[in-house]
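Peer 1: Input: one structure, supplied below.
The values are calculated or read from the model by the stated rules, or taken from the named source; none is laboratory data. Please read all numbers here as calculations on a predicted model, not as lab measurements. Cβ placement follows ideal geometry from the backbone for every residue including glycine, while neighbour counts extend to all protein chains displayed. Heavy atoms of the whole protein, side chains included, go into the accessibility calculation; ligands, DNA and RNA do not. Shrake-Rupley method; radii C 1.70, N 1.55, O 1.52, S 1.80 Å.
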Amino acid sequence: MKRHANLFDKIVDINNLYLADQLASKGKLKQQSVKNHMKNQDMNLYALQKDLLDKKFKTSPYKVFKVFEPKEREVYRLPYFPDRIVHHAIMNVLEPLFVSTFTTDTYSCIKGMGLHKASRRLSVDLRDESSTKYCLKIDIKKFYPNVDHDTLKSMLRRKLKDKDLLNLLDEIIDSADGLPIGNYLSQYFANFYLTYFDHWIKEVLKIKYYYRYADDIVILSDSKDHLHRVLWQISGYLQDNLKLDVKGNYQVFPVASRGIDFLGYVHFHKHKLLRKSIKKRFAAKVKRGAKRESISSYMGWLKHANCRNLIKTVLPNEIILSIQHSDHTNDIHRRQD
């Protein structure tokens, strides 16, 4: 495996820091922390470069808060300057190196991938009904909090041999237990932490129908017994190599009888429905008289599933026509651009 060196200098290059600042501030220019930074942008970025070169950069204290959708989680937030700029500066250089290690079966937080692409591929593969009769659905127990720092650092050293960069990454990794949800770097570290597991699934176990979105995993087979063996092998691999455990709510079941609840949709062999909880939230918004813009965001979900009856039942005709007209106009503008 090729190990990459001489990356730290690219990260701390002032042009890269300005680019990182531009990317980190995208869509956030009205935030007060960004406004405060922009008043002294040049001075801040040159001071940040000096701290990085002098090895004095330290991760700032986190602000921790809870979110409750889709489930209760602790989210960690760092200040815009200097931390979020540093994270973007690192990923400007490291992203292509990380992505080069990923298989085509993982979809979370990767440009050109995403949940809709994963859902579409699952739907296409389910057309092979004889080979996809059964589903193994698992997730990893408290994945982000349980990522082992020493294991992650060892994996990074298999890919990188730039001492200054590794010391910087070590400092960021050790700034919180596990991987803090909300960190820009955490989503890439998370994918990288499981990338050799992905390769093992594909290249050693020779699993054809495999899909991973963060720590949510779906595997299809023509044999329920085969999936139970795979579950046992996965449990052993995760414990032995990554110090992780499969969550106790794993499922092995026939696809035809219940469908695969994955990424907001329930996937069957010949059709795909919206997850019941999302359907209920959509209907409740319409009933409360939500604005068209809010309803349009749900239409983005609905158009990827077999939901014509739901749309006709829940939405008034004038709203349907208004959204369709807006989508048509946007399509025309995109073609003209």
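Peer 1: Looking at the stretch 70-126 only, could you name the residues that are of a type in the set (Lys, Arg) and closer than 26 Å to Tyr46 by Cα?
Peer 2: Passing the criteria: Arg77, Arg84.
Peer 1: If you scan the stretch 258-271, which residues turn out to be open to solvent by 70 Å² or more (accessible area, probe 1.4 Å) and assigned to a loop (DSSP other than H, G, I, E, B)?
Peer 2: Passing the criteria: Lys270, His271.
Peer 1: Go through the stretch 7-41 residue by residue and tally those that are in contact (Cβ under 8 Å) with a residue 40 or more places away in the chain, farther than 28 Å from Lys159 by Cα and either assigned to a loop (DSSP other than H, G, I, E, B) or among the charged types (D, E, K, R) (or both).
Peer 2: Going through the stretch 7-41 one residue at a time, the tally reaches 3.
Peer 1: Got at least one residue in the stretch 50-63 being outside any strand (DSSP E or B) and over 24 Å from Leu168 (Cα atoms)?
Peer 2: no
Peer 1: Looking at the stretch 160-195, which of its residues are over 19 Å from Leu242 (Cα atoms) and among the acidic types (Asp, Glu)?
Peer 2: Within the stretch 160-195, Asp162, Asp164, Glu171 qualify.
Peer 1: Would you check which residues across the stretch 68-99 are in a loop (DSSP other than H, G, I, E, B) and open to solvent by less than 80 Å² (accessible area, probe 1.4 Å) and list them?
Peer 2: Step one: filter the stretch 68-99 for residues in a loop (DSSP other than H, G, I, E, B), giving 68-72, 78-79.
Within the stretch 68-99, Leu78, Pro79 qualify.
Peer 1: So, of the residues in the stretch 145-154 that are more than 16 Å from Thr195 (Cβ to Cβ) and without any contact (Cβ under 8 Å) to a residue 60 or more places away in the chain, which turns out to be farthest from the chain's Cα centre (by Cα)? If you could, list the steps in order and put the result at the bottom.
Peer 2: To start, the set of residues in the stretch 145-154 that are more than 16 Å from Thr195 (Cβ to Cβ) comprises 145-146, 149-150.
Next cut, without any contact (Cβ under 8 Å) to a residue 60 or more places away in the chain only: 145, 149-150.
Working: Pro145: 16, His149: 20, Asp150: 23 Å.
Looking at residues that are more than 16 Å from Thr195 (Cβ to Cβ) and without any contact (Cβ under 8 Å) to a residue 60 or more places away in the chain, I get Asp150.
Peer 1: How about the stretch 109-135: which of its residues are open to solvent by 10 Å² or more (accessible area, probe 1.4 Å), within 22 Å of Phe197 (Cβ to Cβ) and not basic (Lys, Arg)?
Peer 2: Keep residues of the stretch 109-135 that are open to solvent by 10 Å² or more (accessible area, probe 1.4 Å), which gives 109-117, 120-121, 123-125, 127-131, 133-134.
Now restrict to residues that are within 22 Å of Phe197 (Cβ to Cβ): 109-115, 117, 121, 125, 134.
Of everything in the stretch 109-135, those that are open to solvent by 10 Å² or more (accessible area, probe 1.4 Å), within 22 Å of Phe197 (Cβ to Cβ) and not basic (Lys, Arg) turn out to be Cys109, Ile110, Gly112, Met113, Gly114, Leu115, Asp125, Tyr134.
Peer 1: Now, a different point. Out of (1) within 16 Å of Thr195 (Cα to Cα); (2) open to solvent by less than 50 Å² (accessible area, probe 1.4 Å); (3) of a type outside the set (S, T, N, Q), the odd one out for Arg157 is which?
Peer 2: Evaluating Arg157 over (1) within 16 Å of Thr195 (Cα to Cα); (2) open to solvent by less than 50 Å² (accessible area, probe 1.4 Å); (3) of a type outside the set (S, T, N, Q) leaves (2) as the failure.
Peer 1: Right, something else. Suppose we filter Ala24, Ala47 for residues that are open to solvent by 40 Å² or more (accessible area, probe 1.4 Å) and among the aliphatic types (A, V, I, L, M); which single one remains? Spell out how you get there, then give the answer.
Peer 2: Values: Ala24 fails: open to solvent by 40 Å² or more (accessible area, probe 1.4 Å).
Exactly one of Ala24, Ala47 is open to solvent by 40 Å² or more (accessible area, probe 1.4 Å) and among the aliphatic types (A, V, I, L, M), namely Ala47.
Peer 1: Exactly one of (1) closer than 30 Å to Asn167 by Cα; (2) of a type outside the set (S, T, N, Q); (3) touching a Lys or Arg at 6+ places or on another chain (Cβ under 7 Å) is unmet by Val67. Its number?
Peer 2: Here Val67 clears every test but (1).
Peer 1: Applying the selection to the stretch 164-213, what residues are open to solvent by 10 Å² or more (accessible area, probe 1.4 Å), in contact (Cβ under 8 Å) with a residue 40 or more places away in the chain and basic (Lys, Arg)?
Peer 2: Passing the criteria: Lys202, Lys208.
Peer 1: Restricted to the stretch 111-132, and to residues that are hydrophobic (A, V, I, L, M, F, W, C) and touching a residue at least 12 places away in the same chain (Cβ under 8 Å), which residue is farthest from Leu152 (Cα to Cα)? Before the answer, list the steps.
Peer 2: At the first step, the residues of the stretch 111-132 found to be hydrophobic (A, V, I, L, M, F, W, C) are 113, 115, 118, 122, 124, 126.
Then drop every residue that is not touching a residue at least 12 places away in the same chain (Cβ under 8 Å), which leaves 115, 118, 122, 126.
Working: Leu115: 25, Ala118: 26, Leu122: 30, Leu126: 34 Å.
Out of the qualifying residues, it is Leu126.
Peer 1: Taking Asn6 and the conditions (1) in contact with a Phe, Trp or Tyr (Cβ under 9 Å, 6 or more places away or on another chain); (2) open to solvent by 100 Å² or more (accessible area, probe 1.4 Å); (3) not hydroxyl-bearing (Ser, Thr, Tyr), which numbered condition does it fall short on, given that it satisfies the others?
Peer 2: Among (1) in contact with a Phe, Trp or Tyr (Cβ under 9 Å, 6 or more places away or on another chain); (2) open to solvent by 100 Å² or more (accessible area, probe 1.4 Å); (3) not hydroxyl-bearing (Ser, Thr, Tyr), Asn6 violates only (1).
Peer 1: Is there any pair with a first residue in the stretch 84-110 that is charged (D, E, K, R) and a second that is assigned to a loop (DSSP other than H, G, I, E, B) and crowded, with 21+ Cβ neighbours inside 10 Å whose Cβ atoms are under 7 Å apart and which are 6 or more apart or on different chains, and what are they?
Peer 2: Arg84/Leu78
Peer 1: Further, regarding this structure: Here are some residues: Ser175, Ser154. Which one is small (Gly, Ala, Ser), assigned to a helix (DSSP H, G or I) and within 30 Å of Leu78 (Cβ to Cβ)?
Peer 2: Of Ser175, Ser154, the one residue that is small (Gly, Ala, Ser), assigned to a helix (DSSP H, G or I) and within 30 Å of Leu78 (Cβ to Cβ) is Ser154.
Peer 1: Shifting gears a bit: Quick check: is even one residue across the stretch 244-257 open to solvent by less than 40 Å² (accessible area, probe 1.4 Å), in contact (Cβ under 8 Å) with a residue 60 or more places away in the chain and of a type in the set (Phe, Trp, Tyr)?
Peer 2: Yes, the stretch 244-257 contains a residue that is open to solvent by less than 40 Å² (accessible area, probe 1.4 Å), in contact (Cβ under 8 Å) with a residue 60 or more places away in the chain and of a type in the set (Phe, Trp, Tyr).
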